[in-house]
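Quick notes on the structure that follows.
The values are calculated or read from the model by the stated rules, or taken from the named source; none is laboratory data. Source: prediction; values computed, not measured. Here the Cβ positions follow ideal geometry from the backbone for every residue, glycine too, while neighbour counts run over all protein chains shown. To get the accessible areas, we keep the full protein, side chains included, count just its heavy atoms, and leave off ligands, DNA and RNA. Shrake-Rupley method; radii C 1.70, N 1.55, O 1.52, S 1.80 Å.
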Amino acid sequence: GLEVEFKESYDSLSRSVFETICAFLNRKGGHILLGVTDSGEIVGVNKDSVQSQLDTLNRDMNNPQIISPTFYLATDVVEVDGKMVIYIYVPESS
């Protein structure tokens, strides 16, 4: 949708996650849920890759060679029915 996007992202962040972040930054902001299919089914993120995905996201969003200006994204990891979901809040960019 315009403000909510689901991404499976089981083992690693796909390029489409970063494309969605850029789109949300350039619009009104939005919410991304990693570990959820387009139909809304919770498939989860591999527990062993959660920290790696968060580290990659943090590193890349703070790298001016990748995105300028750099942005801080609020993230949270929640467990739903034994499956890990990564929530990312993307603010509206100035």
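Points to keep in mind about this one:
- Filter result for residue 9 (open to solvent by 60 Å² or more (accessible area, probe 1.4 Å) and either assigned to a loop (DSSP other than H, G, I, E, B) or on the phi > 0 side of the Ramachandran plot (or both)): no
- Boolean, residue 21 is assigned to a helix (DSSP H, G or I) and of a type in the set (A, V, I, L, M): yes
- The set of residues in the stretch 45-72 that are within 15 Å of residue 17 (Cα to Cα), outside any loop (DSSP other than H, G, I, E, B) and in contact with a strand residue (DSSP E or B) (Cβ under 9 Å, 6 or more places away or on another chain) comprises 45, 50, 53, 54, 57, 58.
- Residue 26 meets the stated requirement of being touching a residue at least 12 places away in the same chain (Cβ under 8 Å), polar (S, T, N, Q) and within 15 Å of residue 93 (Cα to Cα).
- Search result, residues across the stretch 43-94 that are touching a residue at least 40 places away in the same chain (Cβ under 8 Å) and of a type in the set (D, E, K, R): 60, 83, 92
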